[in-house]
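First the structure, in the form of structure tokens, and then the observations on it.
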Amino acid sequence: MAGESICIACREPAPHHVKTADKQIRRVEVIDGETRRPLIMLPTVDLCEAHFKAMVDDKFYFGWCDDELCRRWGTSGDRSPYGEPYRELRYR
């Protein structure tokens, strides 16, 4: 179904949309030799029922990959499709 949210961990439908405690990160960018550190707002974390319950029970941790080709949520500790590890962020 178009527009339906999917779980970041298992790709099942995601009825839960979690806002992280770490709502922003600083991204280091070098443009024309000048280093910039813009503040980036992170999207909500979409979770299925099972992964939401596991997160609440401290059995599932998610993370963010900020690689230029990635910029997505995934399971903390795993490597993103682009090889960068997902950086764990707090949800409380």
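Of the conditions (1) surrounded by 15 or more Cβ atoms within 10 Å (Cβ to Cβ); (2) hydrophobic (A, V, I, L, M, F, W, C); (3) outside any helix (DSSP H, G or I), L69 fails just one. Which one is it?
L69 satisfies every listed condition except (1).
Kindly provide the set of residues from the stretch 32-52 that are under 17 Å from L89 (Cα atoms), touching a His at 6+ places or on another chain (Cβ under 9 Å) and not in a loop (DSSP other than H, G, I, E, B), ordered by number.
Answer for the stretch 32-52, where residues must be under 17 Å from L89 (Cα atoms), touching a His at 6+ places or on another chain (Cβ under 9 Å) and not in a loop (DSSP other than H, G, I, E, B): V45, D46, L47, H51, F52.
When the residues of the stretch 82-92 are filtered to those that are under 13 Å from the mean Cα position of the chain (by Cα), part of a loop (DSSP other than H, G, I, E, B) and not aliphatic (A, V, I, L, M), which remaining residue is modelled with the lowest pLDDT?
Among them, the one singled out is Y91.
If you take the residues of the stretch 6-31 that are part of a strand (DSSP E or B) and touching a Pro at 6+ places or on another chain (Cβ under 8 Å), which of them is modelled with the highest pLDDT?
Restricting to residues being part of a strand (DSSP E or B) and touching a Pro at 6+ places or on another chain (Cβ under 8 Å), the top hit is I6.
Within the stretch 53-66, how many residues are part of a loop (DSSP other than H, G, I, E, B) and at negative phi?
Number of matching residues: 5.
Considering every residue within the stretch 33-51, establish whether at least one is of a type outside the set (A, V, I, L, M, F, W, C), loosely packed, with under 13 Cβ neighbours inside 10 Å, at pLDDT below 85 and over 12 Å from the mean Cα position of the chain (by Cα).
For the stretch 33-51, residues of a type outside the set (A, V, I, L, M, F, W, C), loosely packed, with under 13 Cβ neighbours inside 10 Å, at pLDDT below 85 and over 12 Å from the mean Cα position of the chain (by Cα): absent.
The values are calculated or read from the model by the stated rules, or taken from the named source; none is laboratory data. Keep in mind that what you see is a predicted model, and the values were worked out from it rather than measured. Methodologically, a virtual Cβ is constructed for each residue, glycine included, from the backbone with ideal geometry; neighbour enumeration extends over all protein chains shown.
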